[in-house]
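Structure first, then comments.
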Amino acid sequence: MTTTATRPTALTPARELPQVIGERRLAAALWCAGLGTFALLYAPQGLLTDVSASLAVSPSRAALLVSGATLGLAASVIPWAWLSDRIGRPEAMRVAAVASAVLAVLVPWLPGFEMLVAGRFLQGAALGGIPALAIALVHDWSLPARAGALAGSYVAATSVGGLVGRLVSVPVAQHLGWRLGLVAVGACLTAVMALLVFLLPPGSPRGRRPHLEVGARRPSQLTHLRAHLRDRTLVALFCVGGLLVGGLAAIFNYLPFRLEAPPYGLAPTVVSLVFLTYLAGTVGSRLAGALSDRWSPRTVLVIACSLMGVGAVVTLARPLLVVVAGVTVLTLGLFVGHAVAASRVGARATTGRAQATALYTVVYYAGASLFGWVAGHAWGLVGWVGVVGLVVALAAVALMLVLSVPTVTRTCAASGPAGS
């Protein structure tokens with residue numbers, strides 16, 4: 001969970017040890033944040049076939065258990081950013097962690113499909129205070145030269161969390177039912193969130209608050225939001241994140257329906273092993289900063305978009321191993337792109353950083369919600385070919401956005417951690 005940038009050595013000056021130790025603790029907190037958030041957020045994804053059969057709903061409706069949570073998260077991040085400006089980012093994340101833990105063990109017991117979707121929306125809204133503030137917290141509390149590595153570490157933790165949520169929920173569900181599968185994930189999340197509450201730094205970072213002259217007024221959150229939405233580079237980065245994760249959500253929402261049907265006929269527990277491809281995301285997100293140093297953030301984003309499209313096309317093949325290879329390539333593309341885009345947003349927004357990262361999070365999870373749901377209609381119309389066609393289109397639009405905004409490289413690299 002630590003990186004070489006934050007590991008103390010015998011040559012580390014004594015005066016730097018508190019900073020190094022603080023960053024190691026922050027890295028551990030970020031791992032808890034990413035692990036817990038994504039385990040809960042995507043735990044139902046491997047259970048959608050069970051939910052569809054148990055509650056007699058279509059695959060596109062069953063996918064609302066995932067889209068409802070990501071939509072709730074997207075809707076809540078701006079309020080969480082507002083709250084963090086008043087009580088501090090660590091404090092706001094603690095509130096989110098406690099609320100998420102409580103809802104994690106209560107929501108699975110709600111009766112009826114509509115109540116479950118509403119409960120998942122509330123879960124997402126509670127979770128919103130964690131990813132909305134995590135990247136801003138990195139830039140607030142770490143040195144600029146180390147922020148890229150810490151941001152990549154957080155994104156790596158999100159990929160592990162997405163994997164753990166699925167691998168825990170599916171085997172439990174096969175023996176005890178899908179509701180207890182979700183409860184099992186909720187119990188794990190409660191432990192992780194308790195650790196997060198303990199590890200988050202106290203108070204505010206010394207010397208990091210912007211200085212205001214006597215009589216000057218701090219810019220309002222709305223002022224920051226308007227400024228960010230007028231920045232073409234930031235808007236492009238927001239959209240790239242939303243498009244890429246929308247493609248990933250589409251693939252993973254409906255892959256179980258494909259693999260549990262003929263000609264594969266795989267059991268749900270076997271299908272859940274396909275989610276091990278998320279480990280490619282763990283590797284990719286950790287490498288994203290180094291790749292940006294070598295080739296520039298823009299080049300890495302081009303590669304990420306290309307990997308997403310190519311990986312989706314490969315999944316059209318019939319052999320199972322080739323399908324898994326395609327999913328692995330696609331997952332690698334998403335997490336490389338997400339790590340670079342999220343880091344560039346935090347680096348470019350030198351003022352109103354919480355609002356910038358909140359906007360990125362809004363678009364990111366709105367993309368997951370929207371395209372994860374739309375893919376269900378494509379699946380219903382033409383099957384897997386329709387899902388793949390949607391994902392390729394999303395990757396192509398993201399690629400055009402990256403190529404149309406050259407300042408993704410020039411301006412962001414000048415101020416950013418991961419590409420500097």
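Computed quantities for the displayed model
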quantity	calculated
Alpha-carbon radius of gyration plus Dmax, which is the widest Cα pair, for the range 302-373 in Å	15.1, 50
Kirkwood-type radius of the range 230-292, with distances r between different C-alpha atoms, in Å	14.2
Net charge of neighbours whose Cβ lies under 12 Å from the Cβ of Ala62, counting Lys and Arg as +1 and Asp and Glu as -1	+1
Nitroxide proxy distance, nm - points 7 Å out along Cα→Cβ at Ala325 and Leu279	1.8
Sites Leu176 and Glu260, calculated FRET efficiency, Cβ-Cβ separation with R0 25 Å, nearest 0.05	0.85
Computed lengthening from Ala227 to Leu55, 0.36 nm per intervening residue step minus Cα-Cα distance	57.4 nm
At most 16 other Cβ within 10 Å, DSSP loop - chymotrypsin sites (Phe, Trp or Tyr not before Pro), the range 256-324	Tyr264
Relative counts (whole %) of C-alpha pair distances in the range 30-90, using bins that are 5 Å wide	4, 16, 18, 19, 17, 10, 8, 6, 3, 0
Length-normalised contact order for the range 52-203 - Cα pairs under 8 Å, 6+ apart - percent	31
From phi via Karplus (6.51, -1.76, 1.60), per-residue ³J(HN,Hα) for the range 158-169 in Hz, x at Gly/Pro	5, 5, 5, x, x, 5, 4, x, 6, 6, 7, 5
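Every number here is computed from the coordinates shown, using simple stated rules; none is lab data. Because the structure is a prediction, the values reported are computed rather than measured. Here the Cβ is made from the backbone with ideal geometry for all residues, glycine too, and neighbour counts use every protein chain on show.
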